[in-house]
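Trainee: Got a structure for you, questions after.
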Amino acid sequence: MRVIGDKGETQTKEVKGGAYDNLDLAIAEFFQTGKEPVDPSVTLEEFEFMDAAQLSAQRGGAVVKLEELRK
């Protein structure tokens, strides 16, 4: 993929099979269209999950429901 910026351009290597396949394409599309590649509600739920995991660890492994965090 060719990347062009205000300080010049470069060619990136394509790596297949990784966790970030097509991430650069999604980012470029977002900058061009302004449309998020992932629904914001999904992103918020991921952060809630990480908060719940941290709280669970602080409570010695107790179950933490996402609803508890949303209060």
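The values are calculated or read from the model by the stated rules, or taken from the named source; none is laboratory data. As the structure is a prediction and not an experimental result, all values here were calculated from the model. As a convention, Cβ positions derive from the backbone with ideal geometry for all residues, glycine included, and neighbour counts pool all protein chains shown. Note: accessible area is taken over every heavy atom of the protein model, side chains too, but ligands, DNA and RNA are not part of it. Shrake-Rupley method; radii C 1.70, N 1.55, O 1.52, S 1.80 Å.
Trainee: Could you tell me which of the residues E45, E68 is assigned to a helix (DSSP H, G or I) and open to solvent by 90 Å² or more (accessible area, probe 1.4 Å)? It would help to see each step written out before you state the result.
Mentor: Working: E68 fails: open to solvent by 90 Å² or more (accessible area, probe 1.4 Å).
E45 is the lone residue from the list that is assigned to a helix (DSSP H, G or I) and open to solvent by 90 Å² or more (accessible area, probe 1.4 Å).
Trainee: Looking at segment 58-71, I want the residues that are farther than 16 Å from S41 by Cα and have a partner that is polar (S, T, N, Q) with Cβ atoms under 8 Å, at least 6 apart or on another chain. Which pairs are those?
Mentor: What qualifies is A62/S56; V63/S56; V64/S56.
Trainee: Sticking with this one: Out of the residues in segment 51-65 meeting the condition of being in a loop (DSSP other than H, G, I, E, B) and of a type in the set (D, E, K, R), tell me which one is most open to solvent (accessible area, probe 1.4 Å). Please lay out each step first, then the result.
Mentor: Kept after step one, since they are in a loop (DSSP other than H, G, I, E, B), are these residues of segment 51-65: 59-65.
Subsequent filtering for residues that are of a type in the set (D, E, K, R) retains 59, 65.
Working: R59: 114, K65: 130 Å².
In this case the residue turns out to be K65.
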